[in-house]
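Report on one structure; see the data block that follows.
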Amino acid sequence: MSAGRICSRVVVTATPDESVHVAARRMKDSHVGTLVVVDPSSPKKALGVVTDRDITVRCVAEGRDAKSTPVSTVMSKPVATIDEDAPIEETIDRMARASARRLVVKDIKGGLIGIISLDDVLELLTSEAGALSQLLDRQSPRMTV
């Protein structure tokens, strides 16, 4: 299984110059905790990621005004990425090395195509473990008394 097969292809984005307030409102309206920050002149180019935690720690906790603080001030960069054809094992390794719970998934040209989260990976692994468990259960010899 590859990162591109299980990633979310619906990516909610922000631009670096928009306010943290506007970005937070978009998170609320879209029911997401992460926005990929893209270059306004090239929307497939990811510049960073802003999470609800970034907003809390780098804006609110520091007493910044969310309406005047640009997203570029609070976003995490450089953006941690993975190629869409990368196997899940490589995705897990990349997340661990980057200390990131989410990776931007990019196509062969380096353009943004999705986002994969640790939860996506855990859901896949849990599903596969359940299928293996069912297979083992069906294949196990039964003892009769």
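The values are calculated or read from the model by the stated rules, or taken from the named source; none is laboratory data. The structure presented is a predicted model; accordingly, all values stated were derived computationally and were not measured. So basically every Cβ, Gly included, is an ideal-geometry build from the backbone, and we count neighbours across all protein chains shown.
A few comments on the model shown:
Let's see how each residue does on (1) within 16 Å of the chain's Cα centre (by Cα); (2) small (Gly, Ala, Ser):
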{"residue": "Val12", "(1), (2)": "yes, no"}
{"residue": "Pro16", "(1), (2)": "no, no"}
{"residue": "Val22", "(1), (2)": "no, no"}
{"residue": "Ser42", "(1), (2)": "no, yes"}
{"residue": "Asp65", "(1), (2)": "no, no"}
{"residue": "Ser68", "(1), (2)": "no, yes"}
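- Residue satisfying condition, being over 23 Å from Thr126 (Cα atoms) and either touching a Lys or Arg at 6+ places or on another chain (Cβ under 8 Å) or surrounded by 17 or more Cβ atoms within 10 Å (Cβ to Cβ) (or both), within set Val20, Val104: Val20
- Residues (touching a strand residue (DSSP E or B) at 6+ places or on another chain (Cβ under 7 Å) and part of a loop (DSSP other than H, G, I, E, B)) located in region 99-112: Arg101, Asp107, Gly111
- Among residues of region 46-88, those that are touching a Lys or Arg at 6+ places or on another chain (Cβ under 7 Å), in contact (Cβ under 8 Å) with a residue 60 or more places away in the chain and not in a strand (DSSP E or B), counted: 1
- Entry remark, region 1-33: residues being at pLDDT below 95 and in a strand (DSSP E or B) number 2 in total.
- Verdict on Val38 being of a type in the set (A, V, I, L, M, F, W, C), within 22 Å of Ile92 (Cα to Cα) and not in a helix (DSSP H, G or I): no
- Of residues in region 23-53 being of a type in the set (S, T, N, Q) and crowded, with 16+ Cβ neighbours inside 10 Å, the one farthest from Leu124 (Cα to Cα): Thr51
- Every condition in (1) under 17 Å from the mean Cα position of the chain (by Cα); (2) exposed (fewer than 15 other Cβ atoms within 10 Å of the Cβ); (3) assigned to a loop (DSSP other than H, G, I, E, B); (4) among the hydrophobic types (A, V, I, L, M, F, W, C) is met by Ala96 except one, and the failing one is (3).
- Filtered residues of region 69-93 (kept if over 16 Å from Val50 (Cβ atoms) and either of a type in the set (A, V, I, L, M) or surrounded by fewer than 16 Cβ atoms within 10 Å (Cβ to Cβ) (or both)): Ile82, Asp85, Ala86, Pro87, Ile88, Glu89, Glu90, Ile92, Asp93
- Listed conditions (1) of a type outside the set (A, V, I, L, M, F, W, C); (2) surrounded by 15 or more Cβ atoms within 10 Å (Cβ to Cβ); (3) farther than 25 Å from Glu89 by Cβ are all met by Gly4, apart from (3).
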